[in-house]
Structures are given as C-alpha cells and as structure tokens.
Amino acid sequence: MNLADCSSHSATARLLHFGSPGAIYLRRFVGSLHVGRCGSNPTHVKTLRLRSNPPKTLTVTAAMASEAELAASAKIIDGKMVAKEIRDEITTEVSRMKDAIGVVPGLAVMLIGERKDSATYVRNKKKACESVGINSFEVRLPEDSAETEVLKFISDFNDDPAVHGILVQLPLPKHMNEQNILNAVSIEKDVDGFHPLNIGRLAMRGREPSFVPCTPKGCIELLHRYGFQIKGKKAVVIGRSNIVGMPAALLLQVLREDATVTIVHSRTQNPEQIVKEADIVISAVGQPDMVRGTWLKPGAVVIDVGINPVEDATCPRGYRLVGDVCYEEARKVVSAITPVPGGVGPMTIAMLLSNTLSSAKRIHNFQ
Ligand code: NAP
C-alpha cells in the first residue's frame, strides 16, 4: 500500500492484516497517516506500534478492518473516455446534418500574438474540428495588430454563413480591450459562451443562454455522464474566474441542477472548513496540490479543473502537470475524482465542438 502526500515528503508503508496489532512495516514515514474507506464514516480507530527506528506510534482510522476495504480508493472520472464518446456522437450528427441538408458546421478561430501555449490550444482545436468533420477557419494576426483589425475579422465572421462559431483565443495582447472584442462576437456564434448576454442569461431564472462556457459545461457533463446526483447536494466551487469558476457555480445552482453552492476565492477565510462540507467540489484555482486530502469530505466527488506545471527532472520535458487537488491524498478520501491530465481538459474541447454543432443546428433549424 502506498501513501503519498502533497508536501515535499512522501510516506510509503506496507500494511498487513489490519486486524493484527503491530503488523505494519514502514520504510519511511513522515506525518500522520489516515486510512479510510470512501463514502463512509470511520467506525474503528486503532493505535499501532510501528517497527521503525526509533519506534513510532501510529493512529489508524479505518472504516472497516478488511484489507479489501482498505484498498478501496476513488473512482477515476475518465474525461478522456467521455470526451471520445461525445466526439463520436458529434461525428455522427455532423454527417447526418451534411447528408440531410448539405450543411457542414464551421468554427472560426482567431489567434492574435505569438504565445506558444495559445498556438498549441488553437492547433488542438483545429485538429479536433477535423476529427469530427467540422470545418475550421483560422486567422493569425501579429502581436502588434490594431484592435480595429481584429474587430473587422469578427464582423466578417459574424456575417459569414459558413461560420457557425467564433472563438477568439485568450489572453489577448495587452493593448487590446478584451471586453470590446468579446462583445463584438455575435451572440448567435459565441461558442465560447463569454458574451455578457450569454453569461447574464445563465445567471437569470427562466432565461436560456445560447451557449454555456466550455470548461464548466464539461465539468457538469462529467457529473451527468457518471450519474452523480447534483440536486440538493452541497457544492463548493473554488475560484471565481469569468471563464471557469463563476459560470461553474451558476451552472450548479440553476433550476435544472439545484445544488446549494458556495464559492471559495483568494480572500475566503478557512477555505478547508468550507470545502470539507461539500458533496461536490469543483476546483479552478491554478495552484498545484492546494486542496489536501484533509480538506475533503469522505465520499465527495471532485472535479479538478486546475492544470499546473510542476518541476520534475524525471519527466522528459522537465515538468509534469498536476491539478489543484492533491490527487494521491484525495483519492483515498473521496468517492470519485478527475485526474490531471485526462479529466476536464479533453472535455473542454469536446464541449467546444458540441457548441459549434448546436449553433449550426439552431441557425439552420435542423433537429
Ligand atoms: P484565474 O482566472 O487565475 O482564476 C483563479 C481563481 O482562483 C480566482 O478566482 C482566484 O480568486 C482563485 N484563487 C487564487 N488563489 C486562491 C487561493 N489560494 N484560494 C482560493 N482561491 C484562490 O484562473 P482560471 O482561468 O479560472 O483557471 C484556473 C485553473 O484552471 C488554471 O490552472 C487553468 O490552467 C485551469 N484551466 C483548465 C481548463 C481546462 O480545460 N482543463 C480550462 C481553463 C482553465 P480571486 O478571484 O479572489 O483572485
């Protein structure tokens, strides 16, 4: 049995016959160790003497005393697999639409500037379009382009009947006004869902946004496809950005979902106490391993949006990606969790394709 924490240390222990006192062998031990079964309250507490030098006493809290029970850990919410399912569904729908009315959905993607990460995201979005049969149109402009030039392209795409979705890759160069540019995208083609009218409608009872932002939509889709109940549950969203945290919190509490939502942000006092109450946690912060196992309620469902590079000399690129939630600790406490990578990331692109298809269907009144 491996035990790791998200501090700079890790502990590795082998646990034999939990029921027999003293039968625990420790190669390295740092800090306290809790062993619990997901989704249930601890019912047994044992204090064990460890065969280490110097000897240590360890309190082990366990739900049940069998090895099988102790080996239980969280279900992995496989975003890669779900995203593939969704992309397959989209491929079928795109070809059905083409056969029936001769229309192929089209997505226009604008990249302004030379940021390498943005260029990678745009390339991935174009590849994803190709893989499901959606047409993509790309505009690349240099960093020093004028805002008016960007607005002109947006205006042309707004009028172009072959384009059903328009995406402006963020962040924009500093001299550009993001608000002016996002507001210029026609609300009917705002597949990123960032237009203030779409966000406003999302927040209002009885109004339907034309599009919901892709990342939070992907989080909710994962909860649905895995059959987790949202209605009546306590949800905590960590982070309140316009593109993830805030729309995720709105989505969780809209009439269809009916969760009771608390938002944690950088000025929140005692975030761990608030998170500990949650049945569902969506974290979108951008701080590696910030949410520790001890913050989480046993049996909670965790959707980790964070994508954070951390140095790792053993990886070919010299770094690896981790989430906001300490995965190794969390998976021993919660009932289900998304991995990073392979959780929310693939869902974001799948939702962009889904929004583009929905837009084309709506514009052409195709059911
Ligand atoms: P952002 O705009 O920087 O927002 C971060 C949010 O986290 C802010 O609301 C901030 O609070 C809050 N925050 C910062 N430090 C905190 C702390 N110590 N405790 C509690 N809250 C804290 O980031 P974002 O664009 O939402 O992205 C968040 C993460 O998700 C990043 O790692 C990003 O790479 C990742 N992401 C992933 C996807 C995907 O497809 N998987 C898509 C988008 C983003 P304040 O409002 O008080 O400043």
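The values are calculated or read from the model by the stated rules, or taken from the named source; none is laboratory data. A quick note: this is a predicted structure, and the numbers were derived from the prediction, not measured. Glycine gets a Cβ as well: all are built from the backbone with ideal geometry, and neighbour counts include every protein chain shown. We work out accessible area using only protein heavy atoms, side chains counted, and drop any ligands, DNA or RNA first. Shrake-Rupley method; radii C 1.70, N 1.55, O 1.52, S 1.80 Å.
Quick notes
- Solvent-accessible heavy-atom area per residue, rounded to whole Å², over segment 275-367 at 1.4 Å: 40 Å²
- Accessible surface of SER358 - all protein chains present, 1.4 Å probe, nearest 10 Å²: 50 Å²
- Computed P(r) (all Cα pairs; segment 286-347; 10 Å bins; percent): 25, 50, 23, 3
- For LEU197, the accessible surface of its heavy atoms amounts to roughly 90 Å² (probe 1.4 Å, protein chains only, rounded to the nearest 10).
- The phi torsions of segment 204-217, fed into the Karplus equation with coefficients 6.51, -1.76 and 1.60 and a -60° offset, translate into couplings of 9, 5, x, 10, 10, x, 5, 9, 10, x, 5, 5, x, 4 Hz, rounded to whole numbers, with Gly and Pro shown as x.
- Among MET81, MET290, MET176, the order of accessible area from largest down is MET81, MET290, MET176, computed with a 1.4 Å probe on protein heavy atoms.
- Distance from the Cα centroid of segment 328-367 to that of segment 242-266 is 16 Å (rounded to whole angstrom).
- Which of PHE137, PHE366 is most accessible, then next, and so on - probe 1.4 Å: PHE137, PHE366
- Size of electric dipole in segment 79-225: Cβ of Lys, Arg +1 and of Asp, Glu -1, about Cα centre, debye, nearest 20: 520 debye
- Loop GluC sites (Glu not before Pro), segment 241-300, which have at most 15 other Cβ atoms in a 10 Å radius of their Cβ (DSSP): GLU277
- Rounded to the nearest 20, the size of the Cβ-charge dipole of segment 145-200 about its Cα centre is 160 debye, with Lys and Arg at +1 and Asp and Glu at -1.
- For THR314, THR338, THR215, THR120, the ranking by accessible surface with the largest value first comes to THR314, THR120, THR215, THR338, using a 1.4 Å probe.
- 32 Å Cα-Cα threshold exceeded, pairs from LYS84/LYS116; LYS75/LYS174; LYS84/LYS189: LYS75/LYS174
- Charge dipole (segment 205-351, unit charges on Cβ, about Cα centre) - positive-most of VAL302, PRO346, CYS214: CYS214
- TYR319 contributes about 80 Å² of solvent-accessible surface, heavy atoms of the protein only, 1.4 Å probe.
- Charges were assigned to the Cβ only: +1 to each Lys and Arg, -1 to each Asp and Glu. The resulting dipole of segment 108-173 about its Cα centre is roughly 380 debye.
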